[in-house]
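> Questions regarding the structure given below will be posed in turn.
The values are calculated or read from the model by the stated rules, or taken from the named source; none is laboratory data. The structure displayed is predicted, hence computed values, not measured ones. Positions of Cβ are backbone-derived with ideal geometry, glycine not excepted, and every protein chain shown enters the neighbour counts. When the accessible area is computed, the model is the full protein with side chains, heavy atoms only, and any ligands, DNA or RNA have been set aside. Shrake-Rupley method; radii C 1.70, N 1.55, O 1.52, S 1.80 Å.
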Amino acid sequence: MIHAAIVRPVYARAILSGAKKVEARLTVRKKAPWGQIAPGEWVYFKATGGAFVARARVLRVALFKDLTPEDVDNLRREYNDQIGAPDSFWAHKRSARFACLVWLEHAEPVSFGPEYRKHESFHPREAWFVLPASFEPASTAVASAA
């Protein structure tokens, strides 16, 4: 599998710089990538309202369920130094019941990504897409790190 994730531009830059080592998805119900991502897979990151700018390989995944607001606070204390989310993110996610934390490695800039909009599961309000390997972009050229 490969993955396409929509992130704010500031997070994409942080992934590329190595400051953001963990992508966190906290949700009220199980949503991708929950249970659909594994070490060794690639995640392509698309900036909100923009183009694909980075990809990174999955190093590790941790799943948390039946979260309480206190559990979310604990996740923040334990992992936010690697997630790099602002206070507003954590305040908005206090009612999350599920968390999928994805450790990233080998982040690199790209100027391409999978054509996730062509996949049958595409929905414009989603921000993570799990795709079969056939959606891997034909180009593997890495963008210059300008």
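> Within the set of pairs 6 or more residues apart or between chains, which connect a residue that is in contact (Cβ under 8 Å) with a residue 12 or more places away in the chain inside the stretch 68-82 to a residue that is part of a helix (DSSP H, G or I) with Cβ atoms less than 6 Å apart?
Partner pairs satisfying both residue conditions: 76/90.
> Tell me, which strands (runs of 3 or more DSSP E) lie completely within the stretch 7-93 with 2 or more residues that are modelled with pLDDT of 95 or more and open to solvent by 50 Å² or more (accessible area, probe 1.4 Å)?
Where strands (runs of 3 or more DSSP E) fall fully within the stretch 7-93 and carry at least 2 residues being modelled with pLDDT of 95 or more and open to solvent by 50 Å² or more (accessible area, probe 1.4 Å), they are 52-64.
> Quick check on the stretch 25-39. Is at least one of its residues charged (D, E, K, R) and free of Cβ contacts under 8 Å to residues at least 40 places away in the same chain?
No, the stretch 25-39 has no match at all.
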